[in-house]
1. When we measure straight from the Cα of LYS267, which aspartates and glutamates land under 18 angstrom away, once same-chain ones fewer than 8 places off are left out?
2. For the range 54-194, what number results from the quotient of the Cα radius of gyration and 2.2 N^0.38 Å?
3. Dipole size in debye (nearest 20) for the range 209-323 around its Cα centre, Lys and Arg Cβ +1, Asp and Glu Cβ -1?
4. Taking N as the number of residues in the range 225-336, what is its Cα Rg relative to 2.2 N^0.38 Å?
5. Amide H neighbours of HIS323 under 5 Å, at least 5 residues apart or on other chains, H built in the peptide plane: list them.
6. With unit charges on the beta carbons (Lys and Arg positive, Asp and Glu negative) and the dipole taken about the Cα centre of the chain, which residue among LEU132, TYR162, LEU149 sits farthest to the positive side?
7. If you take every DSSP beta bridge fully contained in the range 5-121, what fraction is antiparallel? Give it as a percent rounded to 5.
8. Under a 5 Å amide H to amide H cut-off, with H placed in plane at 1.01 Å, what residues pair with GLU47 once short-range neighbours are removed?
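Derivation of every value follows stated rules applied to the coordinates shown; laboratory data play no part. Keep in mind it's a predicted model, so treat the numbers as computed, not measured. Backbone-built Cβ (ideal geometry, glycine too); neighbour counts: all protein chains shown.
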Amino acid sequence: MERPNMERNENKTDLLLEVRDLTIQYVTDSGTVHAVEGLNLRLGRGETLGFVGETGAGKTTTALGIMRLIPSPPGVVRSGEILFEGEDLLRKSEAEMRTVRGGKIAMIFQDPMTSLNPVMTVDRQIAEMIRLHRNVSEAEALRQAGDMLELVGIRRERMHDYPHQFSGGMKQRVVIAIALACDPGLLIADEPTTALDVTIQAQVLELMKKLKQQFGASMILITHDLGIVADICDKVAIMYAGRVVEYADKRSLYSNPLHPYTIGLFKSVPDLEEDVEELAVIPGLMPDPMELPSGCTFHPRCSMAEESCSRVRPEAVELEPGHFVACPVRARMMGR
């Protein structure tokens, strides 16, 4: 997707993160995986951006790219800029990035079971993050670790416990405490409730929402759950086959989805008020990232596709104020 002109809609002084024309590939013996293609994103201070798409759309790769954690080999950042507080993270040294990770940008991964060190008590894992980014004594770091555990709803007397002594939901709370320990400006949450049951999911999401407001942080929430996005996010980016196909504020996107893929996602969500025998589904499958279709990558599955859709890569067009869509057919229908 071409970089949309969003400058007039956002004050640059309030802009925290801007991703410009980011392309990330994985070069393997079998071929080149086009994980992220020409991606553009903008996130203001204090905002929460919902990053939505099917498995394999490139959401996690984008997050790892922002953190500069793409495994190399096989991962390669082919082009683009990742501007955080006006500085391009792709131009920073690894030593400089170590001060950014955890200190300015923190990430909560999908599975808390694999995010924690099984042979360290949880207070020492939090304290390790604090001492890495703050000039404090070990005793002070451990005291702050206890404070963080209490902040996420874990009693201080459990601070000397090991990860295996906690439930899945409690582990995720510990991971959140580690992520917020140094008051980062940006929190990236990669499907943080995937490994949890529904009741615990709601508790963790409510905790994240409360702590985000308390710390004044911006957040990128990666998910495939449109219900979670509706509850937490301010803006939404819909991603398909490595590209953002629709970007808008939550109210605009939910009340009037415009891209055929986004419309298909909403139609596939069950409606409790409708009595239907089968759910509506988007025909076909996501394309092989090693062999992406030419033109619009969604055109083989799109009911609105025209002959030109297979030839021309669509640009993002502002069809409504702040509502950007990469679909020339839709743009023409709306006189743009």
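1. GLU54, ASP225, GLU246, ASP275, GLU277, GLU278
2. Numbers: Rg = 15.9 Å, N = 141, 2.2 N^0.38 = 14.4 Å.
Ratio of Cα Rg to 2.2 N^0.38 Å: 1.10.
3. On the way: 11 positive and 18 negative charges, 137 e Å.
For the range 209-323, the charge dipole is close to 660 debye.
4. Details: Rg = 14.4 Å, N = 112, 2.2 N^0.38 = 13.2 Å.
Ratio of Cα Rg to 2.2 N^0.38 Å: 1.09.
5. Amide H neighbours of HIS323, under 5 Å, 5+ apart: none.
6. Selected residue: LEU132.
7. On the way: 20 of 21 bridges.
Once the DSSP bridges in the range 5-121 are tallied, antiparallel ones form about 95 percent.
8. Result for GLU47 returns MET219.
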